[in-house]
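Coordinate-derived values only; no laboratory data. These numbers come from a predicted model, not from an experiment. No Cβ is skipped: glycine too gets one built from the backbone with ideal geometry, and neighbour counts run over all protein chains shown.
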Amino acid sequence: MEQQRPLDDARGREVESPREVFLSRPVLAVIGALVLAALAEWIPAFARLRVFSARPEAVQPAAKPASSVAMGEAELQQETQGHGDGLDAAPARTPKRAALIGTSTDPVPNDLVDRAPQVELVAADGALTGFFGALERTRRKEAGAVTRITHFGDSVVASDYVSGTLRRRFQERFGDAGHGFTLIANAWPAYFHNDIERYATAGWKVSRVVGPLAEDGLYGLGCVSFRAEKNVLARFSTPKKGEFGRQVSRFSVYYLASPGGGAFQISVDGAPHTMVDTHAEATTSKVQLVQVPDGPHEFEVYTKRGASRLFGVTLERDGPGVVLDAIGIQGARIRFLDKQDDAHWAEQLALRSPQLLIYEFGANESADGLMYPMPEYHRTMKEVLAQGRRALPNSSCLVIGAMDRATKTGSELTSLAIISHLIEEQRKAALEVGCAFFDTYRAMGGNGSMPKWVRRGLGQADLTHPSAEGSDLIGTWIFRALMQRYGEFLGKAGVAGASPSARTATSSPSAR
């Protein structure tokens, strides 16, 4: 019997040889599919096409390059209403949480609240000397010894989470030297500060490092430039409730002087105080200081003539004490700080002159995934940290590592794999520049911790942000870790009777 020859199904004819079998269309199609599948396993950009391994966590598209972000200004259409008189920015547990995880929750263990920090600060010897030296002068209650901390971050800091806890912990122990820096108005809907009352009319026009971008790259310390014609108002006052920020002895307005600049009126407690003309022959950063008797006060900025360009206002006391600026930028990555003009950025940092710079980013970088390569992330982060070191050579810096972040697939909550890679690059960049590093991810419990935190009410329903309790817990851990290092500093300095033990704090909303 004649042997049956294989058929090439695509063309309906007999295949003449084994070579033709391998070169036939069906076989080539199968080989091509296998090659594509292999590429999908190894190339992150093709991750969604994977068939052999589980699909990775869903990530948002990478941030658009700066060139694609609009230039110019956006006008704020809503009034700013901020009454942070001891209240929290948002409820600790959102209604969506029950729908997300069901009705069962895990209790928060008592030792999670009361114990010492799970991780210590990682820092080279001397990395925090500048900060601890200032803090020791404050502790000794030297006249005018104000220790300043400037805390940069993304949406967590924009709502004064973690930063608000750090401010309160330091002020409990070393004295309340005032609230610090705040933006002229709410540059984002979620912008909020504890322990201060704020109001602004609509009509302020903003340029931000997250867009729309300012053509000159001048955004001020808060990374937002505010411009307004006449008859636009911003008001700031000490809170009427709570334990913190109740007194102030000096206000400072940070603004830009430039050719053709307008004028704004400053009022204190409802009475006109100073008219500030922002016209100047050359563009430069300026600060208008207003001294008041130490106590509760209200402070207003009202544009009167031309176009005035302002950045923010600080509330301080003469000290001794600690003041912490919460510079939160919604949607930011740490590299966005480099969108500032370099000379202007250095000028702004020097004008504020904090003894400690804190950087807390990573949530938005995790959304980029591997679309933004880790070597590039490391390089750009290191450049930002180095800029701060050059502007403030006698100050210290601290990088707070990214928190765990999760995604929901069906009923399963899974941590994003990218987080561990971000943490490693953050740690390396911090130590290479001479900053300290706190591993929040490890303190939370590492991989899989955010799902557990959500079930315990320590994380929010978006699986990215901590709740009020969670933020308080993280801030308290960071404060205790700093105090542990501060104790070592005092021991080496031979300071007698200066135990730096932090008072026990809880993570209940009332503690905030």
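Amide H contacts under 5 Å for THR278: GLY262, ALA263, PHE264, restricted to partners 5 or more places along the chain or on a different chain, H placed in the peptide plane at 1.01 Å from N. Backbone phi angles across the stretch 478-491, fed through the Karplus curve with coefficients 6.51, -1.76 and 1.60 (θ = phi - 60°), yield HN-Hα couplings of 5, 4, 5, 5, 5, 5, 4, 5, 5, x, 5, 4, 5, x Hz in residue order; Gly and Pro are listed as x. When the GluC sites (Glu not before Pro) in the stretch 242-302 are filtered for DSSP coil states and for at most 11 other beta-carbon atoms within 10 Å of their beta-carbon, the remaining sites are GLU281. Between the amide H of ASP195 and those of GLY84, ASP85, GLY86, LEU87, distances stay under 5 Å, these residues lying 5 or more places away or on another chain, with hydrogens modeled in the peptide plane.
Taking a straight line from the alpha carbon of LYS241, these lysines sit under 27 Å away, with near neighbours fewer than eight places off in the same chain left out: LYS141.
Put simply, the amide H of LEU398, placed in the peptide plane, has neighbours under 5 Å in LEU357, ILE358, TYR359, ALA436, leaving out anything fewer than 5 places away on its chain. Ignoring lysines fewer than eight residues from LYS339 along the same chain, the ones with Cα atoms less than 16 angstrom from its Cα are LYS64, LYS382.
Convex hull of alpha carbon positions in the stretch 66-511: directionally averaged projected area 20.6 nm².
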